[in-house]
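Laboratory data are not the source of any read-out in this text; all were calculated from the coordinates shown. The structure presented is a predicted model; accordingly, all values stated were derived computationally and were not measured.
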Amino acid sequence: MAKQTINDGEDGLVVRGKINDNFTELYDKHDADLTEDQQLIEWAGGKDVEMLSRTLNGDGLTTSATLKWPDGSGGDFTATDYNATHELYDGWTKSHTASGKTVTQAAVTRNADGIVTNKPALTVA
């Protein structure tokens with residue numbers, strides 16, 4: 001990585017520009033180092049995948065949706081493993097059209113209060 005040195009007396013815009021350049025270079029390198037499956041897991045597990053349209057059930061929970069991934073790919077979201085006790089879905093799948101792969105969150109385990117006590121790792125197939 002090209003190291004940007006911040007000098008005394010530089011104004012805020014110059015400093016911010018150097019910080020942004022360093023962050024962008026580091027972030028882009030991070031993305032390049034990830035395998036395709038790792039990148040999909042990172043995106044799917046965060047807030048990077050955008051829901052374009054949703055289908056709701058009678059309780060107002062999202063059961064399916066059309067997705068847009070950060071790389072521009074389309075896809076679909078499907079809620080799985082309905083938990084009648086807590087009236088929510090404990091798992092989901094997100095497909096990534098460009099790669100033909102699907103990221104799955106297997107059902108989580110909850111305690112009597114509905115708090116997640118075990119969350120399986122995301123998988124890609």
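Just a few scattered comments:
- Cα pair distances exceeding 19 angstrom across region 65-125, given as percent: 37 percent
- Expressed per residue, the C-alpha convex hull volume of region 24-125 stands at 113 Å³.
- In order along region 80-87, the phi-based Karplus estimate (6.51 cos²θ - 1.76 cosθ + 1.60, θ = phi - 60°) of 3J(HN,Hα) comes to 9, 6, 5, 9, 5, 4, 9, 6 Hz; Gly and Pro are listed as x.
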